[in-house]
Amino acid sequence: MRKIKYVFLSYSSANAQDAEALKALMEKGGISVWMAPHEISFGESFADIIPPAIEKCACFVLLLTEEAQRSSWVPKELDQAIHLQKPIIPVQRKEIPLTNAFQFSLIDCQILTMQTLDITNPQAPYFLTAVKSAMAGK
């Protein structure tokens, strides 16, 4: 497991392309990102690796999509982050209806809408600053 501060990126595999773009944006901003399956070796159990990765992360970024809300993993990851009192930054590409469970889980989080997940987005600097502040505990 990494010793440096990092962001745990939670997403549905149905949104892997957008997750990769969000990861690239954070890395261009100098932020280290933990993202499955990149950080999980072949043969390792996701259920064994993901909880400690969330426990050791400095910030939890959620790629919030309709698919993420239907995922079997994302709600568990979000619950773990809430339980561990991690700073949570939800990012969506467009406004989407939230399920009751996600509405409840994200009740005290401001959701950032970014139509494009790259450095050219005018909101990218705001997003990167928010993540860095959350990682620093501010």
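So which residues in the stretch 80-101 are in contact with a Ser or Thr (Cβ under 7 Å, 6 or more places away or on another chain) and either open to solvent by less than 60 Å² (accessible area, probe 1.4 Å) or in a helix (DSSP H, G or I) (or both), if there are any at all?
Matches in the stretch 80-101: ILE82, GLN92, ILE96.
Within the stretch 51-75, how many residues are touching a residue at least 12 places away in the same chain (Cβ under 8 Å) and more than 16 Å from ALA130 (Cβ to Cβ)?
Going through the stretch 51-75, the residues touching a residue at least 12 places away in the same chain (Cβ under 8 Å) turn out to be 51-71, 73-75.
After this cut, where a residue has to be more than 16 Å from ALA130 (Cβ to Cβ) as well, the list is 51-56, 65-71, 73-75.
Total meeting the criteria: 16.
Considering only the stretch 53-68, state which residues are over 19 Å from LYS86 (Cβ atoms) and in a helix (DSSP H, G or I).
GLU66, GLU67
Of the residues THR116, THR65, THR120, which single one is of a type in the set (S, T, N, Q), modelled with pLDDT of 95 or more and either surrounded by fewer than 16 Cβ atoms within 10 Å (Cβ to Cβ) or over 21 Å from ALA136 (Cα atoms) (or both)?
Details: THR116 fails: modelled with pLDDT of 95 or more; THR120 fails: modelled with pLDDT of 95 or more.
So the residue among THR116, THR65, THR120 that is of a type in the set (S, T, N, Q), modelled with pLDDT of 95 or more and either surrounded by fewer than 16 Cβ atoms within 10 Å (Cβ to Cβ) or over 21 Å from ALA136 (Cα atoms) (or both) is THR65.
Against the definition (within 14 Å of the chain's Cα centre (by Cα) and either surrounded by 19 or more Cβ atoms within 10 Å (Cβ to Cβ) or more than 21 Å from MET26 (Cα to Cα) (or both)), how does PHE104 come out, yes or no?
no
Considering only residues that are in a loop (DSSP other than H, G, I, E, B) and either touching a Pro at 6+ places or on another chain (Cβ under 7 Å) or within 18 Å of ALA124 (Cα to Cα) (or both), which ones fall in the stretch 7-30? First the steps, then the outcome.
Taking the stretch 7-30 first, the residues in a loop (DSSP other than H, G, I, E, B) are 11-12, 29-30.
Residues satisfying the conditions are GLY29, GLY30.
Within the stretch 2-32, take every residue that is within 12 Å of the chain's Cα centre (by Cα) and acidic (Asp, Glu) and give me the one that is surrounded by the fewest Cβ atoms within 10 Å (Cβ to Cβ).
GLU20
The values are calculated or read from the model by the stated rules, or taken from the named source; none is laboratory data. In this text the structure is predicted, and so the values were computed from the model without any measurement. All Cβ positions, even for glycine, are placed from backbone atoms using ideal geometry, and neighbour counts span all protein chains on display. Calculation scope for accessible area: heavy atoms of the full protein, side chains included, ligands and nucleic acids excluded. Shrake-Rupley method; radii C 1.70, N 1.55, O 1.52, S 1.80 Å.
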